[in-house]
1. Points 7 angstrom from Cα along the Cβ direction at residue 66 and residue 252: gap in nanometres?
2. Computed on alpha carbon atoms, what radius of gyration and Dmax characterise the chain, expressed in Å?
3. I want to make sure I understand the PRE zone here: with the label point 7 angstrom from the Cα of residue 309 toward its beta carbon, which residues in the range 214-231 have backbone N atoms less than 13 Å away?
4. Quick one: if you stick a label point 7 Å off each Cα along the C-beta vector at residue 328 and residue 124, how many nm between them?
5. Using Cβ contacts closer than 10 Å as the measure, can you line up 220, 133, 144 from fewest to most?
6. Eight or more residues apart or on different chains, and alpha-carbon atoms under 20 Å: count the Lys pairs in the range 2-365 matching that.
7. How high is the relative contact order of the range 279-366, given as a whole-number percent (alpha carbon pairs under 8 Å, six or more residues apart)?
8. So, R0 is 30 Å and r is the distance between the beta-carbons of residue 151 and residue 206; what FRET efficiency does that work out to, to 0.05?
Amino acid sequence: MKKYLFLLLFLGVLPSIAFSQGCVAVRGMSCSAGTGTNGHAMMHPGQWQISIGFRNLHSYKHYVGTVYQPQREAIGNNVINDQQAFDFGVNYSVTDRFSIAFNLPVTFNNRTSLYEHYGNAVAVNPQQRRFATQSNGIGDARITASYWVLDPIEHMKGNFSVGLGIKLPTGNWNVQDEFHRRRADGTDYTISKAVDQSIQLGDGGVGFNLEVQGYQQLFTRTSLYYNGFYMLNPRNVNSASNVAPDRVVTDEMVRYMSSPDQYAGRVGLNYVVSAKAGIGATLGARIEGVPAYDLVGGSDGFRRPGYIVSIEPGLSYSSLKNTYFVSVPIATHRNRIKSANDWKTGRHGDAAFADYLISASVTHRF
């Protein structure tokens, strides 16, 4: 029984990959249902596991490449994104080694800016007024099949799984909201257009994700955990227009929004504080981002590629049926890399990032 609880705690704190970057449009996804690989090794054929994940972020710091732009905050024309997101997952164990997971994110986004409305310049926005746009609803659903490479019963001290999945365009990729404009006489009017890519609920593409995750016991109370994720998005652009309806732009590199690839990875240590009480602690590093060019398909359309590296401390509590996990990834390195259009035009766009995010999850197996 102690050995069982020890392994369950090892697996229970392998956290899912929860994506959030601020202005870099990394969609909220988990590496699998629940908290990563927890419970798979001990699930019997026909068992189910349900999970709810939550994350919260406040993005406001602008970067061009790796260079921080503090003047944006000082002047007050920085873009601010706030996001609260839930990830609902269901996992079914077909065998002791093979399982199928379904995930559906639900996101609440609020974005405030000057440049998308009156503009940043004092000449066109003398009062430096800031306005908000929102998007709320379900995101892109995912179905993933995972397989433990080694027999979980025979390899309790170390194992890894591989996964292959499909992402469905269930999230609205053309959420519209009202944007403010200022007439020459100072009066206000609004136009309706697509909200910024960073708060769109989906990307409009059918994607294919590759996953790997696992653990290895190093010492009596300490194990190594790791997981990685890459999503291929073959679609080039979606139908959401990145420009205002009163503008005529034919260049597909900027007219429509891109359907980009995305990736994430984690590696770290899990320490069993108390196997009897089911308490564990983790400390690791993570990277997540959007590449400038897709591996498959075109890379046209508007996108803000980039990545963020974080240190991620976490705490968990596990019982035979439930696992609770919370972590706070703290950003240590941010990079808004050049997009395909940046390379084409010779410019280098910026993006806003969060200092940290709060990630939590609850899983129940029955």
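Taken together, the values in this text are just the output of simple stated rules run on the coordinates, not laboratory data. Quick caveat: nothing in here was measured; it's all calculated off a predicted structure. With ideal geometry, Cβ positions are generated from the backbone for all residues, glycine too; neighbour counts draw on all protein chains shown.
1. Between residue 66 and residue 252, the simple spin-label model gives 3.5 nm.
2. Cα-based Rg and Dmax for the chain come out at 21.6, 77 Å.
3. none
4. Those two pseudo-labels are separated by 4.0 nm.
5. 220, 133, 144
6. Taking the range 2-365 as the scope, the lysine pair count is 9.
7. This gives 30 percent for the range 279-366.
8. 0.35
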